[in-house]
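Below: the structure, in structure tokens.
The values are calculated or read from the model by the stated rules, or taken from the named source; none is laboratory data. Note that the structure is a prediction, hence the values are computed from the model and not measured. For neighbour counting, all protein chains shown are included, and Cβ atoms are generated from backbone atoms with ideal geometry for every residue, glycine included. In case anyone asks, the SASA skips ligands and DNA or RNA and just uses the protein heavy atoms, side chains included. Shrake-Rupley method; radii C 1.70, N 1.55, O 1.52, S 1.80 Å.
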Amino acid sequence: MLELIMLHQTVVNNKMKLTNHHTACLGCAQIVAARLAINQLGSNTIVVNSTGCLEVTTTAYPNSAWQVPWLHSTFANAAPVGSGIIAALDYLEKNSQSEKKRPIVVVQGGDGATFDIGFGALTASWARGDDLLYICYDNEGYANTGMQASLSTPTQAKTPTSLNKHQNKRDMLAIALAHNIPYIAQANIAFPDDFKNKIAKAQKIKGPRYIQILVPCLPGWKIKPGDQMLTAKLASETGLYPLLEFINGQLNVSIKLPTPIPPVSDYIKNQGRYQHLLKNKSALKQLQSLADANIEKYGLCK
Ligand SMILES: Cc1ncc(C[n+]2csc(CCOP(=O)(O)OP(=O)(O)O)c2C)c(N)n1
């Protein structure tokens, strides 16, 4: 929690483009991540937001915490709204003498909006090659409506709509890769500099760009505020949520794993959503095998 507050302070001091006029939970990692992103992107940015915690908590009518142009979109439709803005910018550029620098268009949403409900529309924008930066704030469930399971919810995590899910988290990176988009990255709020670097890289690239960042949800994952950043860190250090990027399909491992690699039991022990696993060795083994598979597949060791 202390780390998150310190991180929050540095972000706050950096001329906020997402102000404190929001109603997010105390210690919300998603808000901090969104601030890091918009501060890095700068004021020449247009944001499209799918419905979800980030939208609801930053734009309670009649207020808005956003100091940049910001548009609401329905759950399913954020990427096409971004595509419409791109088309409008193209038109304005063709039909005006203005030398004004073109804004970057950022589309953002939670994992429910990204992995599930806006999935088809997002992949269609990738197929069209639209010049959009899409940021998925991945808290592994539908946080705004009570943490129901999404296709991002990891196997074995308990949610109100599944005692323990047995299907694996949808591999959005692989799906993005299959669309041959120029920039794909996975980040984690516990590694803020890495996230900022990834945003900065994506900012310089044209075409579809996809960044997914893990943002633990305190009530949703049932973690104590003091355990939040350590938990987030362990998600990556165990190999379950590796820090990666693909530039034109070429893999870079952003941060290699520590030695010895912590077991996934260290990652799950402080999370209420996984408490049942502490007594279920075979389910725990299944989760460990997912981390091991990532370590092998991406070459995550030093
Ligand atoms: C089509 C549709 N279905 C359901 C809802 C209700 N709803 C609003 S926000 C939300 C959860 C959003 O989850 P996610 O995209 O993961 O973002 P989070 O709140 O976790 O940040 C739901 C189900 C809706 N607004 N529209």
Check Val253 against each of (1) in contact with a strand residue (DSSP E or B) (Cβ under 7 Å, 6 or more places away or on another chain); (2) open to solvent by 50 Å² or more (accessible area, probe 1.4 Å) and name the one condition it does not meet.
(2)
Flagged in segment 217-228 as under 10 Å from Gly27 (Cα atoms) and either within 16 Å of the ligand (Cβ to nearest atom) or crowded, with 24+ Cβ neighbours inside 10 Å (or both), in numbering order, are Cys217, Leu218, Gln228
Thr45: passes all of (1) open to solvent by less than 10 Å² (accessible area, probe 1.4 Å); (2) modelled with pLDDT under 95; (3) away from the ligand (no atom under 16 Å from the Cβ) but (2)
Mind counting the residues in segment 122-147 that are among the small types (Gly, Ala, Ser), within 12 Å of the ligand (Cβ to nearest atom) and in a helix (DSSP H, G or I)?
1
Mind listing just one residue for me: the one in segment 17-30 that is outside any strand (DSSP E or B) and crowded, with 23+ Cβ neighbours inside 10 Å and, of those, nearest to the ligand (Cβ to nearest atom)?
Gln30
Filter segment 89-121 for residues that are open to solvent by 30 Å² or more (accessible area, probe 1.4 Å) and within 20 Å of Ile213 (Cβ to Cβ); the one that is nearest to the ligand (Cβ to nearest atom) is Ile117
Consider Asp138 carefully, then state whether it is buried (at least 22 other Cβ atoms within 10 Å of the Cβ), under 17 Å from Pro242 (Cβ atoms), in contact (Cβ under 8 Å) with a residue 24 or more places away in the chain and charged (D, E, K, R).
yes
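I'd like the residue in segment 176-196 that is under 17 Å from Gln250 (Cα atoms) and open to solvent by 40 Å² or more (accessible area, probe 1.4 Å) and, out of all such residues, is nearest to the chain's Cα centre (by Cα). Outline the logic, then answer.
We begin by selecting, within segment 176-196, every residue under 17 Å from Gln250 (Cα atoms); these are 176-187.
Add one more test, that the residue is open to solvent by 40 Å² or more (accessible area, probe 1.4 Å), and what stays is 177-180.
Working: Leu177: 17, Ala178: 19, His179: 19, Asn180: 20 Å.
Here the residue is Leu177.
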